[in-house]
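Visitor: This is the structure I want to talk about, given as structure tokens.
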Amino acid sequence: MHVSMHVTLIRRMLAFVNWGLSIGREQGMIKAIGECVEQFAGEAVAKKVMEGSERITGKTGKTEIAELVKGAMERMDALLDEDTRVQIMMNCGYNCAEVNKRVIEQAKARSKKCKSINEFLEAEVQKPMRGTRLVREGNTLYQYYTPKTFAKSLRCYCGLLRGLPADEMISMTYCNCSKGFVKKLWESVLEKPVEVEIIQSAVSGAEECEFAIHL
């Protein structure tokens with residue numbers, strides 16, 4: 001993507017998230033997804049994918065929100081090719097990384113205290129961020145999200161899926177948002193490009209989420 005287009009997208013999405021904080025964070029997040037769909041797939045497709053989102057308010061229940069997002073992912077899967085779907089949701093993840101940049105800044109600060117990247121990675125494996133675990137195998141780092149073992153068992157760390165019923169699953173298309181976040185996190189900390197692969201997802205049937213970060 002052209003740099004100016006990327007900057008414009010981030011600004012628009014951040015505006016929606018900030019706006020959402022005053023009327024309902026989840027409502028703002030849903031609108032941000034819609035904006036991203038429109039950016040990469042056009043207004044007509046965005047309207048189809050986000051059908052029903054206009055009914056979401058600050059008082060909408062978590063289950064209804066999760067079902068809306070699940071339906072949006074199903075429609076996205078039906079209407080768009082995989083590359084476009086990945087691009088859309090990874091950019092949502094980049095936005096999430098900007099909003100939650102404190103997490104990244106803290107990781108960068110920890111890395112600066114170490115003498116080398118290898119020392120830092122070993123320290124992170126031994127004491128990972130809360131709600132995660134890390135395993136290193138050569139030049140591949142496996143990062144796991146463990147929402148079911150959190151203080152309060154969760155389906156997903158994302159607030160939009162907190163209300164997803166225990167017997168329901170969602171397309172892994174949605175998990176490309178986390179893929180984008182993980183990519184932005186490790187690229188910022190390591191100061192170099194990395195490739196990220198989704199191995200499994202807690203909201204798609206696995207016990208935990210697993211990402212392979214190719215260093």
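Visitor: When the range 148-166 is examined, which residues are found to be of a type outside the set (G, A, S) and under 13 Å from G205 (Cα atoms)?
Guide: Passing the criteria: K148, R155, C156, L164, P165.
Visitor: Another question, then. Scanning the range 31-77 for residues that are in a loop (DSSP other than H, G, I, E, B) and of a type outside the set (V, I, T), which turns out farthest from N176 (Cα to Cα)?
Guide: The extreme case among them is K59.
Visitor: Please work out if V189 is crowded, with 21+ Cβ neighbours inside 10 Å, of a type in the set (V, I, T) and over 13 Å from the mean Cα position of the chain (by Cα).
Guide: Answer is yes for this residue.
Visitor: Taking the stated definitions as given, is S178 closer than 17 Å to C92 by Cβ, modelled with pLDDT of 95 or more and assigned to a loop (DSSP other than H, G, I, E, B)?
Guide: Against the criterion (closer than 17 Å to C92 by Cβ, modelled with pLDDT of 95 or more and assigned to a loop (DSSP other than H, G, I, E, B)), S178 does not qualify.
Visitor: Let me ask something additional. Within the range 109-146, which residues are in contact (Cβ under 8 Å) with a residue 12 or more places away in the chain and of a type in the set (S, T, Y)?
Guide: Answer for the range 109-146, where residues must be in contact (Cβ under 8 Å) with a residue 12 or more places away in the chain and of a type in the set (S, T, Y): S111, T132, T140, Y142, Y144, Y145, T146.
Visitor: Moving on to the next point. Applying the selection to the range 152-210, what residues are closer than 27 Å to S111 by Cα and aromatic (F, W, Y)?
Guide: Y157, F181, W186
Visitor: If you go through the range 138-171, how many residues are more than 16 Å from I30 (Cβ to Cβ), among the aliphatic types (A, V, I, L, M) and crowded, with 20+ Cβ neighbours inside 10 Å?
Guide: So the count comes out to 2.
Visitor: Identify, by number, the condition in (1) at positive phi; (2) crowded, with 16+ Cβ neighbours inside 10 Å that G52 doesn't meet.
Guide: Failed condition: (2).
Visitor: Sticking with this structure for a sec: Please enumerate the residues belonging to the range 28-85 that are touching a Phe, Trp or Tyr at 6+ places or on another chain (Cβ under 6 Å), of a type in the set (G, A, S) and in contact (Cβ under 8 Å) with a residue 40 or more places away in the chain.
Guide: Residue satisfying the conditions is A32 alone.
Visitor: I would also like to ask the following. So, K183, is that one in a loop (DSSP other than H, G, I, E, B) and out of contact with any Leu (no Cβ under 9 Å at 6 or more places or on another chain) or not?
Guide: no
Visitor: Of everything in the range 63-79 that's in contact with a helix residue (DSSP H, G or I) (Cβ under 7 Å, 6 or more places away or on another chain) and under 19 Å from E26 (Cβ atoms), which residue is surrounded by the fewest Cβ atoms within 10 Å (Cβ to Cβ)?
Guide: Filtering first and then ranking leaves R75.
Visitor: Could you tell me whether Y174 is surrounded by 19 or more Cβ atoms within 10 Å (Cβ to Cβ) and either touching a residue at least 24 places away in the same chain (Cβ under 8 Å) or small (G, A, S) (or both)?
Guide: Judged against the criteria, Y174 is a match.
The values are calculated or read from the model by the stated rules, or taken from the named source; none is laboratory data. If you're wondering where the values come from, they're calculated on a predicted model, not measured in any experiment. We place every Cβ from the backbone using ideal geometry, glycine too, and count neighbours over all the protein chains shown.
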